[in-house]
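The values are calculated or read from the model by the stated rules, or taken from the named source; none is laboratory data. All figures in this text were calculated on a predicted structure; none of them were measured in a lab. With ideal geometry, Cβ positions are generated from the backbone for all residues, glycine too; neighbour counts draw on all protein chains shown. In case anyone asks, the SASA skips ligands and DNA or RNA and just uses the protein heavy atoms, side chains included. Shrake-Rupley method; radii C 1.70, N 1.55, O 1.52, S 1.80 Å.
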Amino acid sequence: MVSPVTVVKSEGPKLVPFFKATCVYFVLWLPTSSPSWFSALIKCLPIFCLWVFLLAHGISFLGAHSSARKILAGLIFSALGDAFLIWQEQGYFSHGLLMFAITHILYSSAFGMKPLNAVAGLVIGAVSAVSYALLYPYLSGPFTYLVAVYIALIGFMGWRAIAGVQLANDLWTWTKLSACLGAMLFMVSDLTIAVNKFCFPVPHSRAIIMATYYAAQMLIALSAVECQDADMARKRA
């Protein structure tokens, strides 16, 4: 397993633009009441930086690892989803929902189906079912089934990320743990969006949603670079 020190040294500098872009978003804190292309750019900028982070590992790396390509594709759809959600009050919420649904399908495929970890699947399934049951009384029209499908997709993505962490058998790596934490933060972010939009106002909802969302995307992007870091460690050994 690659040591955390090696990870920080090799990946830290590539993430500096992401951290700067995230700081710009929170410092500017543009009002959501007046959506614009500029506010969309500022919101999407940290995700653009994660595209660059993955591309910085080289086209050959992306060509050799399908999971990294899928995560990059997921980040592209995430940026589209972020842009649509800027104009959610103008009727584009469902468009954003679709973009993030595709993102979760791509991330699930990147994480793979092995190991299965049926217990984790049952736990996530139960949490997803309870979440939908709590939201259901507040849903109407097409959102009644759109939210159900979305919860199923993000729950499945979370299961595949969590299943990769085998702590009991010491078969985990820092990137699998990164994917797991990222998926859980993504679920927290989206649940906060759902409760705030359909149920009742959540205090400091925007800060909670965006902080957990950016952290989730960074951690998932980090989970794509395990193969290259392992190769670097072997060359240095």
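May I ask you to verify whether VAL195 is farther than 20 Å from ALA224 by Cα and open to solvent by 80 Å² or more (accessible area, probe 1.4 Å)? Criteria not met by VAL195.
Applying a threshold of 7 Å to beta carbon distances and a minimum spacing of six or more residues, or different chains, the list of pairs starting in region 125-147 at a residue that is over 25 Å from ALA163 (Cβ atoms) and ending at one that is modelled with pLDDT under 95 and open to solvent by less than 70 Å² (accessible area, probe 1.4 Å) is empty.
For region 152-166, the tally of residues that are of a type in the set (Val, Ile, Thr) and in contact (Cβ under 8 Å) with a residue 40 or more places away in the chain stands at 2. Being basic (Lys, Arg), open to solvent by 20 Å² or more (accessible area, probe 1.4 Å) and in a helix (DSSP H, G or I), is that true of even one residue in region 175-184? Yes - at least one qualifying residue is present in region 175-184.
All of SER60, SER10 fail the test of being of a type outside the set (D, E, K, R), under 18 Å from LEU219 (Cβ atoms) and more than 20 Å from the chain's Cα centre (by Cα), apart from SER10. Can you find a residue in region 66-83 that is more than 18 Å from the chain's Cα centre (by Cα) and either within 27 Å of LEU153 (Cβ to Cβ) or touching a residue at least 24 places away in the same chain (Cβ under 8 Å) (or both)? No, region 66-83 has no match at all.
The one condition from (1) within 17 Å of ALA221 (Cα to Cα); (2) free of Cβ contacts under 8 Å to residues at least 60 places away in the same chain; (3) within 14 Å of the chain's Cα centre (by Cα) that VAL52 does not meet is (3).
TYR150 meets each of the listed conditions (1) over 15 Å from the mean Cα position of the chain (by Cα); (2) under 26 Å from LYS70 (Cα atoms); (3) not basic (Lys, Arg) apart from (1).
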